[in-house]
Structures are given as C-alpha cells and as structure tokens.
Amino acid sequence: LAKLKILENMESNYEGYNRTVKSFMNFSSKHNVFKDSLFGPVAEKFSVEKKYERAISVALGSMAQNIIVSSTKETSDMLKILEENKMGRATFLPLDRVNGNKAKINIAEEGIVGIACDLIEFDDIFRGIFYNLLGRVIISDNFKNASHLSKKHKLKVVTLKGEVFNPSGAITGGSLNNYNSSFILRKNEINELQIK
C-alpha cells in the first residue's frame with residue numbers, strides 16, 4: 001500500500017516528465033486553467049499490456065511527453081504561459097490538427113506482432129494522435145525479423161526488446177535499465193497494485 005501511495009503521488013506530480021511538462025501541468029492544475037482544453041501528456045492517455053510496454057515506450061520515445069490539447073487556438077495561450085514563466089519548450093498536439101493514418105500492411109506477415117497503435121488502448125477522441133505517433137510503427141518479435149521488415153516496408157520497426165530499426169537505416173539498441181518512459185511502466189504498476 002505504501003508503494004501504491006508513492007507511485008500515485010509521483011503520478012499526480014508528473015515525476016519522470018521533463019521539467020517543462022512537469023512545470024506546465026502543475027501550473028495548470030494549481031491555477032485551474034485550461035480545464036476543458038488540456039488533456040495532458042500522451043503517456044497518460046493510453047494503456048498497454050505489460051508484454052508490449054517496452055516496445056511501445058521505445059516507439060514513442062520523447063513523444064510520450066507531448067501534451068494533448070483540444071485545439072490550435074488554445075495552444076497559443078499555453079505557449080504564452082511557457083514563455084512568460086520561462087518554463088522552457090514543450091510540444092503540443094492539438095486534436096484539431098494532428099492526424100495520422102495507419103500503415104496498410106499485412107499483419108499476419110512473419111515477425112509482425114502488430115502495428116503499434118493497435119497494441120494500445122485509448123479513447124476514440126485520441127485516434128488521430130495515436131495514429132499519427134504510432135500508426136506507421138511496426139512492432140516485431142525479434143531482431144532478425146525486424147531487420148527484414150524494416151527493409152521491406154520502409155517503416156520504423158521496434159522489437160519487443162526495444163531495438164529500433166529506423167527507415168533511414170539507423171539501428172538503435174542496447175541496455176534499457178532506465179528507459180525514458182518510466183511513467184508508462186508506473187501506470188501499469190499502479191493498476192496492478194490497485195487490483196491487489
């Protein structure tokens with residue numbers, strides 16, 4: 001129970017997010033501004049099964065910290081607050097602007113676990129956002145298959161272990177002991193502890 005409290009506290013204070021996101025989200029809730037137009041960071045707006053959390057976390061990378069907002073109009077006021085309070089820079093994803101399409105590939109193909117946006121759950125209102133961020137990312141079962149898929153489809157491919165094949169040809173991998181989206185894992189841990 002103590003651990004659950006700590007995790008929930010970290011969650012509500014945006015621990016693990018970059019300084020700008022943390023300052024901006026805390027500022028907004030403290031001053032009760034943007035109530036109807038601010039949805040919050042991408043990482044908070046979906047859930048993912050444990051077996052995919054590493055791949056999804058890596059596929060999103062720093063985009064997990066982008067802030068979802070209702071419209072372009074509101075973004076301008078939000079940027080003013082960042083500037084006036086010298087909070088730094090943040091990326092906002094207005095629902096009325098950000099849209100994406102899902103890659104049209106045969107997901108029964110060998111090595112394909114799925115398209116990243118299909119392996120997470122989110123509210124339909126965020127469909128455009130998640131199709132944009134994850135609709136053209138293939139999650140693959142292993143390095144060898146990922147290598148082949150990436151050449152064939154010219155899309156970003158991420159393995160379940162978190163190795164990344166970029167369309168440019170670059171490959172990223174290595175140890176992931178504290179990979180950047182600890183807050184994605186935290187959410188699952190909180191759910192597990194609440195169920196217990």
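The values are calculated or read from the model by the stated rules, or taken from the named source; none is laboratory data. All values derive from a computational prediction rather than experimental measurement. Note: ideal-geometry Cβ built from the backbone for every residue, glycine included; neighbour counts use all protein chains shown. Quick note on the areas: whole protein, heavy atoms, side chains included, nothing else; ligands and nucleic acids left out. Shrake-Rupley method; radii C 1.70, N 1.55, O 1.52, S 1.80 Å.
Annotations for the structure displayed:
- Per-residue Karplus couplings for region 148-156, computed as 6.51 cos²θ - 1.76 cosθ + 1.60 with θ equal to phi - 60°, are listed in order as 5, 4, 5, 5, 5, 9, 6, 10, 6 Hz, Gly and Pro entered as x.
- Ranking MET10, PHE143, ASN99 by Cα position along the charge dipole of the chain, where only Lys, Arg, Asp and Glu carry charges on their C-beta atoms, puts PHE143 farthest toward the positive end.
- Within the shell of other residues whose beta carbon sits under 11 angstrom from the beta carbon of PRO167, the net charge comes to +4, with Lys and Arg scored +1 and Asp and Glu -1.
- Values of log10 I(q)/I(0), in the order q = 0.08, 0.13, 0.14 Å⁻¹, for the chain under a Debye, Cα-only, solvent-free model: -0.29, -0.74, -0.85
- Other-chain or far-sequence residues with amide H under 5 Å of LYS156's (modelled H): ILE138
- Here region 15-104 was treated as a single set of alpha-carbon atoms; its pair distances binned every 5 Å from 0 give 3, 13, 22, 25, 18, 11, 6, 2, 0 percent.
- Length added when fully stretched, SER12-LYS196, from 0.36 nm per residue minus Cα-Cα: 64.2 nm
- The portion of the accessible surface of region 29-129 made up by carbon and sulfur, rounded to a whole percent, is 46 (1.4 Å probe; DNA, RNA and ligands excluded).
- GNM flexibility winner over the chain from GLU53, GLU84, GLU74 (Cα, springs under 10 Å): GLU84
- The charge dipole of region 1-64, taken about its Cα centre with unit charges on the Cβ of Lys, Arg, Asp and Glu (plus for the first two, minus for the last two), comes to roughly 120 debye.
- In this structure region 1-48 gives 56 Å² per residue of accessible area when probed at 1.4 Å with all protein chains present.
- Karplus-based coupling profile of region 17-28, in residue order and whole Hz: 7, 5, 3, 5, 4, 4, 4, 5, 5, 5, 4, 4, with θ = phi - 60° in 6.51 cos²θ - 1.76 cosθ + 1.60 and x standing for Gly or Pro.
- If you take all other residues with their beta carbon under 15 Å from the beta carbon of ILE81, and give Lys and Arg +1 and Asp and Glu -1, the sum is +4.
- For region 92-196, the list of GluC sites (Glu not before Pro) that fall in a loop by DSSP and count at most 14 other C-beta atoms within 10 angstrom reads GLU109, GLU110.
- A simple charge model with +1 on the Cβ of Lys and Arg, -1 on the Cβ of Asp and Glu and nothing else charged puts the dipole of region 1-125 at about 440 debye relative to its Cα centre.
- Contact order relative to length of region 1-116, as percent, for alpha carbon pairs under 8 angstrom and 6 or more apart: 24
- In a simple Cβ point-charge model (Lys, Arg +1; Asp, Glu -1; nothing else charged), region 89-183 has a dipole of about 460 debye relative to its Cα centre.
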